[in-house]
Amino acid sequence: MFNWKDEFADMILTKEDAVKSIKPGQRVFIGTGAAQPELLVNSLVNRSSELVDTEIIHMLTLGHAPYADPKLSKSFRVNSFFISNNVREIIQEGLGDYTPIFLSDIPRLFSSGQLPIDVAMIQVTPPDEKGRCSLGVSVDIVKSAIENANIVIAQVNKEMPRTMGNSFIDVYDIDILVEGNEPLIEVIPDEETDESRQIGEYVAALIEDDSTIEFGIGRIPQSVMPFLKNKKNLGIHTEMFTDSLIDLIESGAVNGSRKTSEKNKIVASFCMGTKKLYDYIDNNDDFSFHPTKYVNDPFVIGSQHKQVAINVALEVDLTGQVCADSIGKKFYSGIGGQVDFNRGAARSDRGKSIIAMPSTAQNGTISRIKNILDEGAGVVTTRGDVHYIVTEYGVAYLHGKSVQERALSLISIAHPKFRAQLTRDAVESRYLRPDHAAIEGKIVVGPKEFNSVHIMDDGTLLNIRAMHPTDEPKLTGLIHKLSKETMYYRFMHQIKNIEKKEIQNFVYINHRTDVAIVVTIPEAFGDDIIAIGRYYLDQSTNLAEIAFVVQDDWQNKGIGNTLMKHLALIALRNGISGFTAEVLRENKAMQKVIENSGLKIKSKPNGNVFSYKIDF
């Protein structure tokens, strides 16, 4: 058995003697996350009275951060690249500092000499027979710090898992070894909420088979994983991961076979979780840990096949600006890898960048979707970079959209109780036209139960969904494509133009007494509406009047029959007794749809119109 303590005895010191090499006024780097060398940190703090004006720099810290005590502020100045719970208070009090920076840029800070490091305190596995130590659960910026520090002090911990990839350093790149065997810091996964589960389902629906995925930090990205277990050939190229990834891997959904680089490997720069996770990755060749300068490089990310980035936000304004690192003037977290992965995923072939968040904060009292960001709130992802925003109320796609389209999309996925005020604010800010004041309080998203698919006889796949508040321009486009005859059959009189207010009456509906469904086909810009089915409930009779319109090129292909069946199912679910319809004598196609519905039908002529009563 190789005994590293004998082989490298001249490098071993006690923890107390090791930290004596640190001098007042120096800059000390502390290892990331679960790899924080707690024995060394505690020994450093014990010398606080001797270490005036010592700067502590780190990324994400877990466990205790005893140096972040206001009483020790004359000894230790905290400078964090990402703000965790244990240092948030001292930074918000102005006794510590926050350096906002893309995670991919931090290694360059060290190597360029812009932020020189005097001492790096890290945690590693015991050296092997070749004198190699693994950085274990945190390679990230730690490896860059080691390469650029004047002195490297390492806590050698046999509990640290030996991770594969570019995670090894030569023992002679370390100056002082301190034996310190202790359990790693553990992070228990946050419990799912109804909100996070629904957001996870919506995000998962955006992820295609063969995608390469990045999971950001927090509850929401982890809530996506249970909904991915039926996907195929997923790959992982991510900044970090937690225990949640294990079940996804074991489901068979992840094999990395379609990745552009490091096929069949799960690539990450750090992880944090429980002992179950640490045991799982120990000596596991399926994982490949690399420094941040590789994992977070937008060009590396952009080269991946169908790279999907999933990150979170604190608030978003109606133009699409994303705040992710502060609550107003108070710094809360950090830029991290959000921009690196968003830009990389956007560059990737068929990639997707997704920002997800609950629609409200502070127990539902505050909307996270706002007309303007709070005073002092920092923009992490710009309105030019943003693509998908997801809340528990749906998905808004913003890239390439006008400010008006963005505002309507975001209002539609805000919490319902804030939509009316957001509409007023948007009109006042001139994000929406003045005539949108008429839709205040009418922005309602149809239930997902309305969604369905239909395969035509020729194999064409049609999507059926509820009319959406952002469908106004698509509906206008459909009407312009209709022939005069189709317009006459639908509106029962000759019309040249439909007023915008009429179009809004089609779009902004309550989806209960007034229901509209659309049939769409996929297009490069999203989807194109080719047909509409609608009913209006007369509450005095509990019967709903129906009307359909199908684009001329798609008529006589059975779409009317499909609309009829789908509307009938919705009406039955809503407790409606039946339908009524007024159909022109010349409109043989609509008459045929009704007569072939299989429902109990009564009809009577009334001039040039047939009046139908259809019972369920």
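The values are calculated or read from the model by the stated rules, or taken from the named source; none is laboratory data. This is a predicted model, so every value here is computed, not measured. Every residue, glycine among them, receives a Cβ derived from its backbone with ideal geometry; neighbour counts consider all protein chains shown.
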Inset, instruction - Mind telling me which of the residues T470, T486, T541, T476 ends up being β-branched (V, I, T), exposed (fewer than 14 other Cβ atoms within 10 Å of the Cβ) and outside any strand (DSSP E or B)? - result: T541
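Go through the stretch 552-561 and give me each residue that's surrounded by fewer than 21 Cβ atoms within 10 Å (Cβ to Cβ) and in contact with a Leu (Cβ under 8 Å, 6 or more places away or on another chain).
Initially, the stretch 552-561 is screened for residues surrounded by fewer than 21 Cβ atoms within 10 Å (Cβ to Cβ), giving 552-558, 561.
The answer is D552, and nothing else.
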Inset, instruction - Answer with yes or no whether I246 is without any contact (Cβ under 8 Å) to a residue 40 or more places away in the chain, in contact with a Phe, Trp or Tyr (Cβ under 9 Å, 6 or more places away or on another chain) and not in a helix (DSSP H, G or I). - result: no
Legend entry - Near pairs, Cβ below 7 angstrom, 6+ apart or cross-chain, from the stretch 362-388 (more than 13 Å from A324 (Cα to Cα)) to any residue that is aromatic (F, W, Y): S367/F418; H387/Y397; Y388/Y397
Inset, instruction - For the stretch 589-604, name all the residues that are exposed (fewer than 13 other Cβ atoms within 10 Å of the Cβ) and basic (K, R). - result: K600, K602, K604
Legend entry - Lone unmet requirement of (1) in a helix (DSSP H, G or I); (2) within 16 Å of A120 (Cβ to Cβ) for V45: (2)
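Filter the stretch 1-36 down to residues that are outside any helix (DSSP H, G or I) and polar (S, T, N, Q) and give me whichever is surrounded by the most Cβ atoms within 10 Å (Cβ to Cβ).
Taking the stretch 1-36 first, the residues outside any helix (DSSP H, G or I) are 1-3, 8, 12-14, 22-36.
Cutting the leftovers down to polar (S, T, N, Q) gives us 3, 14, 26, 32, 36.
On the way: N3: 9, T14: 13, Q26: 17, T32: 29, Q36: 26.
Taking the candidates together, the pick is T32.
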Legend entry - Evaluation of S43 against (1) crowded, with 17+ Cβ neighbours inside 10 Å; (2) more than 39 Å from the chain's Cα centre (by Cα); (3) over 26 Å from K158 (Cα atoms) (one fails), failing number: (3)
Inset, instruction - For the stretch 106-115, indicate whether the set of residues that are assigned to a helix (DSSP H, G or I) and of a type in the set (S, T, Y) is non-empty. - result: yes
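Would you mind finding the one in I443, I413, I439 that is among the aliphatic types (A, V, I, L, M) and under 23 Å from the mean Cα position of the chain (by Cα)? Can you show your working first?
On the way: I443 fails: under 23 Å from the mean Cα position of the chain (by Cα); I439 fails: under 23 Å from the mean Cα position of the chain (by Cα).
Exactly one of I443, I413, I439 is among the aliphatic types (A, V, I, L, M) and under 23 Å from the mean Cα position of the chain (by Cα), namely I413.
Here are some residues: S138, S73. Which one is at negative phi and in contact with a strand residue (DSSP E or B) (Cβ under 6 Å, 6 or more places away or on another chain)?
Only one candidate qualifies: S138.
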Inset, instruction - Go through (1) at pLDDT 95 or above; (2) in contact with an Asp or Glu (Cβ under 6 Å, 6 or more places away or on another chain) and name the single condition I246 misses. - result: (2)
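In the stretch 316-344, which residues are surrounded by fewer than 24 Cβ atoms within 10 Å (Cβ to Cβ), of a type in the set (V, I, T) and outside any loop (DSSP other than H, G, I, E, B)?
Kept after step one, since they are surrounded by fewer than 24 Cβ atoms within 10 Å (Cβ to Cβ), are these residues of the stretch 316-344: 317, 319, 321, 323, 325, 327-333, 335, 343.
Okay, now just the ones that are also of a type in the set (V, I, T), so 319, 327, 335.
Residue satisfying the conditions is I327 alone.
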Legend entry - Subset of the stretch 392-430 (residues that are closer than 14 Å to P469 by Cβ and among the hydroxyl-bearing types (S, T, Y)): Y393, Y397, S409, S412, T423
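Go over the candidates K143, K74 one by one and state the one that is outside any strand (DSSP E or B), among the basic types (K, R) and farther than 16 Å from S269 by Cβ.
Working: K143 fails: farther than 16 Å from S269 by Cβ.
Every option except K74 fails the conditions.
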Inset, instruction - Check I56 against each of (1) closer than 21 Å to Q155 by Cβ; (2) under 25 Å from the mean Cα position of the chain (by Cα) and name the one condition it does not meet. - result: (2)
Inset, instruction - Starting from the stretch 135-160, take each residue that is surrounded by fewer than 24 Cβ atoms within 10 Å (Cβ to Cβ) and list its partners that are assigned to a helix (DSSP H, G or I) and of a type in the set (V, I, T), counting only C-beta distances under 6 angstrom and pairs at least six apart or across chains. - result: V152/I146
Legend entry - Conditions (1) among the hydrophobic types (A, V, I, L, M, F, W, C); (2) in a strand (DSSP E or B); (3) assigned by TED's automatic domain parsing to the domain that holds I310; number of the one not met by A205: (2)
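Aromatic (F, W, Y), within 18 Å of I220 (Cα to Cα) and at pLDDT 95 or above: does that describe F341?
yes
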Legend entry - Near pairs, Cβ below 6 angstrom, 6+ apart or cross-chain, from the stretch 587-616 (within 14 Å of I546 (Cα to Cα)) to any residue that is in a loop (DSSP other than H, G, I, E, B) and aliphatic (A, V, I, L, M): I614/L599
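Taking the stated definitions as given, is R219 modelled with pLDDT under 95 and among the basic types (K, R)?
On the way: modelled with pLDDT under 95: yes; among the basic types (K, R): yes.
Judged against the criteria, R219 is a match.
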Legend entry - Exclusive hit being of a type outside the set (F, W, Y) and within 28 Å of the chain's Cα centre (by Cα), set V152, V142, V171: V142
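Among the residues of the stretch 56-70, how many are out of contact with any strand residue (DSSP E or B) (no Cβ under 6 Å at 6 or more places or on another chain) and either part of a loop (DSSP other than H, G, I, E, B) or not β-branched (V, I, T) (or both)?
Going through the stretch 56-70, the residues out of contact with any strand residue (DSSP E or B) (no Cβ under 6 Å at 6 or more places or on another chain) turn out to be 59, 61, 63-66, 69-70.
Of the ones still in play, those that are also either part of a loop (DSSP other than H, G, I, E, B) or not β-branched (V, I, T) (or both) are 59, 63-66, 69-70.
The number of residues fulfilling the criteria is 7.
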Inset, instruction - Find all pairs meeting these conditions: Cβ atoms under 9 angstrom apart; at least six residues apart or on different chains; first residue within the stretch 557-572 and within 16 Å of M467 (Cα to Cα); second residue part of a helix (DSSP H, G or I). - result: L563/V593; M564/V593; M564/I594; H566/F450; I570/E449; I570/F450
Legend entry - Selected residue [more than 30 Å from A377 (Cβ to Cβ), modelled with pLDDT under 95 and in a loop (DSSP other than H, G, I, E, B)] from E129, E159: E129
Inset, instruction - Mind listing whichever residues of the stretch 425-481 are farther than 30 Å from N561 by Cβ and among the acidic types (D, E)? - result: D425, E428, D435, E440
Inset, instruction - Among residues belonging to the stretch 230-243 that are part of a loop (DSSP other than H, G, I, E, B) and β-branched (V, I, T), point out the one that is surrounded by the most Cβ atoms within 10 Å (Cβ to Cβ). - result: T238
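Is it true that some residue in the stretch 515-524 is part of a strand (DSSP E or B), of a type outside the set (S, T, N, Q), assigned by TED's automatic domain parsing to the domain that holds G558 and at pLDDT below 85? Let's see the steps before the verdict.
Of the stretch 515-524, the ones part of a strand (DSSP E or B) are 515-523.
Pick out the ones that are also of a type outside the set (S, T, N, Q) and you get 515-519, 521-523.
Now restrict to residues that are assigned by TED's automatic domain parsing to the domain that holds G558: 515-519, 521-523.
Next, from what is left, pick out any that are at pLDDT below 85: 522-523.
The answer is yes; a qualifying residue exists.
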Legend entry - Selection count where residues are in a loop (DSSP other than H, G, I, E, B) and either in contact with a helix residue (DSSP H, G or I) (Cβ under 9 Å, 6 or more places away or on another chain) or of a type outside the set (V, I, T) (or both), scope the stretch 116-126: 2
Inset, instruction - Scan R132, R77 and give me the residue that is basic (K, R), under 21 Å from A149 (Cα atoms) and touching a Leu at 6+ places or on another chain (Cβ under 9 Å). - result: R77
Legend entry - Q504, sole failed condition from (1) in contact with an Asp or Glu (Cβ under 6 Å, 6 or more places away or on another chain); (2) under 30 Å from P434 (Cβ atoms): (1)
